[in-house]
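Shown next, in structure tokens, is the structure this report addresses.
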Amino acid sequence: MGRIRLVLFDLDGTLVDSAPDLAASANELRRRRGLPLLPYRALREVCGSGARGLIWAALRIAPDAPSFERVKAEFLTHYAAHLTDHLTVFPGIYDMIRAFSDRGISWGVVTNKFSTLARPVCEAAGFAETMKCLVGGDMVEKPKPEPLSLQLAMRTCGFAPEDTLYVGDDARDTMAAHAAGLPVAAACWGYTGGGKDLKKWGSDFYARTPSDILKAIDLIDGKEH
């Protein structure tokens, strides 16, 4: 068996495309306030930043603003009611997961999304039966870019950093992985903040498609030179 025995993934923008539902909830904030809706493309680029990024894009309300928590609750309530309306799984993800099974590799999800939202997304995507763990941002004191959620996932799955690879589509994913002592692959098929400064993240691998994750594992395991 190779060195990598566990692959952990970010969720939104890495395994699933939830941007249509997230963007719709952001635009709902604007609709309720009589503001014109924003183009989907403008909102899609910030979906990797979660509620904070979307609320800023929609209403220019920063996290330290007095109204932020109220607006965040409004956003999340709407999103929770529609979080799988237009959800899709990125092409190649299911094939990659099947390949993990063939190789005896476990996999799980580590996301800043609250577990109460992440779990139904994973269930709708058909991941629940095969993923070994799900760690949401509400399950640790400090979410990514801090390493705590990755460390919790490894403890839950029973693997060490040297056994594990992390995959994500945001610079915070690379920061968290390196802080936890893990190699990390940037999911270039995801949101990636519009693809700006991707190489500056310092990821160990840059995967164009999910099949490239298998190639990264082979490189780490020394099967390719």
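Put in line by how crowded their Cβ is, counting other Cβ atoms within 10 Å and starting with the fewest, Y191, Y79, Y40 read Y40, Y79, Y191. Evaluating 6.51 cos²θ - 1.76 cosθ + 1.60 at θ = phi - 60° for every residue in the stretch 70-81, the Karplus couplings come out as 5, 5, 4, 4, 5, 4, 5, 5, 5, 5, 4, 7 Hz, glycine and proline recorded as x. Rounded to the nearest 20, the size of the Cβ-charge dipole of the stretch 1-121 about its Cα centre is 180 debye, with Lys and Arg at +1 and Asp and Glu at -1. For the chain, DSSP calls about 10 percent of its internal beta bridges antiparallel.
For the residue pairs K113/K215; K132/K200; K72/K142; K72/K132, alpha carbon separations beyond 23 Å are given by K113/K215; K132/K200; K72/K132.
Treat the chain as a sphere of radius equal to its Kirkwood radius over Cα pairs and apply Stokes-Einstein at 10 °C in a medium of 1.306 mPa s; give the translational diffusion coefficient in µm²/s, rounded to a whole number.
So the translational diffusion coefficient is about 90 µm²/s.
Helix 19-32 against the longest principal axis of the chain: what's the angle in degrees, Cα atoms only, rounded to the nearest 10? In the chain, helix 19-32 runs at an angle near 10 degrees to the longest axis. Projecting the Cα atoms of L150, P91, I105 onto the charge dipole of the stretch 43-157 (Cβ charges, centred on the Cα centre) puts L150 farthest toward the positive pole. Between helix 93-103 and the chain there is an angle of about 30 degrees, using the helix long axis and the longest principal axis of the Cα atoms.
Relative to the Cα centre, the charge distribution of the chain, modelled as +1 at Lys and Arg Cβ and -1 at Asp and Glu Cβ, gives a dipole magnitude of about 560 debye. Rounded to the nearest 10 degrees, the inclination of helix 50-59 to the longest alpha-carbon principal axis of the chain is 30 degrees.
Of the residues V140, L76, A118, the one whose Cα sits farthest towards the positive end of the charge dipole of the stretch 40-166 is L76 (charges of +1 on Lys and Arg Cβ, -1 on Asp and Glu Cβ, taken about the Cα centre).
Computed from backbone phi with θ = phi - 60° and the Karplus coefficients 6.51, -1.76 and 1.60, the 3J(HN,Hα) list for the stretch 135-141 is 10, x, x, 7, 9, 9, 5 Hz; x is used for glycine and proline.
Where only DSSP H runs of four or more residues are counted, the chain gives -12500 deg cm²/dmol as its mean residue ellipticity at 222 nm, each run worth -39500 (n - 2.57). How would the stretch 19-82 be classified by its alpha-carbon gyration tensor: rounded, prolate or oblate, with rounded meaning a/c under 1.5 and the a/b versus b/c comparison settling the rest? Because its axes are fairly even, with a/c under 1.5, the stretch 19-82 counts as rounded. Each Lys and Arg contributes +1 and each Asp and Glu -1, all at the Cβ; summed about the Cα centre of the stretch 112-152, the dipole is approximately 80 debye.
Between V89, V16, V71, the residue with the greatest mean-square fluctuation in the GNM of the chain (Cα pairs under 10 Å linked by springs) is V71. For the listed peptides 8-14, 211-217, a ranking on the average number of other beta carbons within 10 Å per residue, highest first, reads 8-14, 211-217.
Only the coordinates and a few stated rules stand behind these numbers; no lab work does. Because the structure is a prediction, the values reported are computed rather than measured. All Cβ positions, glycine included, derive from the backbone under ideal geometry; neighbour counts span all protein chains shown.
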